[in-house]
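Student: Below: one structure in structure tokens.
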Amino acid sequence: PEDDSWIHDMLSTAKKLHTFDSYKLRVGPKLHFFGNELKQIRLHHAECLESLSVYAPNFTELNLQACYGLDGTLTILDTHPNFTPPPIPGSSFAVNTTNVRFPVNSPHSQD
């Protein structure tokens, strides 16, 4: 990917983002999503993505289908210095890692 600072600038200012949905997003190697209102991230075929970090206490869905470059560096944060946590902490969420090559020793690997 070429200069991908545009997406980092956009994501850092999108404080009320609810859903991020993309197909063949050509940015990387890292993406960071942070927001109290963020519920869904769908990165289908984000082939340049190597690592992802997320702070989203109201999260419901993470779709990483066909993110071939993701090497197992997936970080879900419990806190973030720029956000006040909601009064009811945490949520459970669904994760789709179809065709993601997490290393066998990764705690996020599929059986």
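Student: Could you let me know the centre-to-centre spacing of region 46-75 and region 1-33, using Cα atoms, in angstrom?
Tutor: 12 Å
Student: Taking a ≥ b ≥ c as the square roots of the eigenvalues of the Cα gyration tensor of region 23-79, is the shape rounded (a/c under 1.5), prolate (a/b larger than b/c) or oblate? Walk me through the intermediate numbers first.
Tutor: Details: a/c = 2.17, a/b = 1.62, b/c = 1.35.
It comes out prolate by the Cα gyration axes.
Student: Run the accessible area of region 1-79 with a 1.4 Å probe and give the carbon-and-sulfur part as a rounded percent. Kindly include the intermediate steps, with their values, before the conclusion.
Tutor: On the way: 2010 of 3970 Å².
Here it works out to 51 percent.
Student: I would also like to ask the following. Given a 1.4 Å probe and the protein chains all in place, what does the accessible area of Val54 round to, in Å² to the nearest 10?
Tutor: About 0 Å², rounded to the nearest 10.
Student: Leaving out ligands and nucleic acids, and using a 1.4 Å probe, what accessible area per residue does region 1-85 come to in Å²?
Tutor: Numbers: 4460 Å² over 85 residues.
The answer is 52 Å² per residue.
Student: By accessible area of protein heavy atoms, probe 1.4 Å, what ranking do Ile76, Ile7 get, highest first?
Tutor: Details: Ile76 70, Ile7 0 Å².
Largest accessible area first, the list is Ile76, Ile7.
Student: Let me ask something additional. Could you sort Arg101, Arg42 by their accessible area in this structure, using a 1.4 Å probe and putting the largest first? All intermediate terms of the calculation are to be shown ahead of the outcome.
Tutor: Details: Arg101 160, Arg42 60 Å².
These residues rank, largest area first, as Arg101, Arg42.
The values are calculated or read from the model by the stated rules, or taken from the named source; none is laboratory data. This structure is a prediction, so every number in the text was calculated from the model and none was measured. Ligands, DNA and RNA are excluded from the accessible area calculation, which covers all protein heavy atoms including side chains. Shrake-Rupley method; radii C 1.70, N 1.55, O 1.52, S 1.80 Å.
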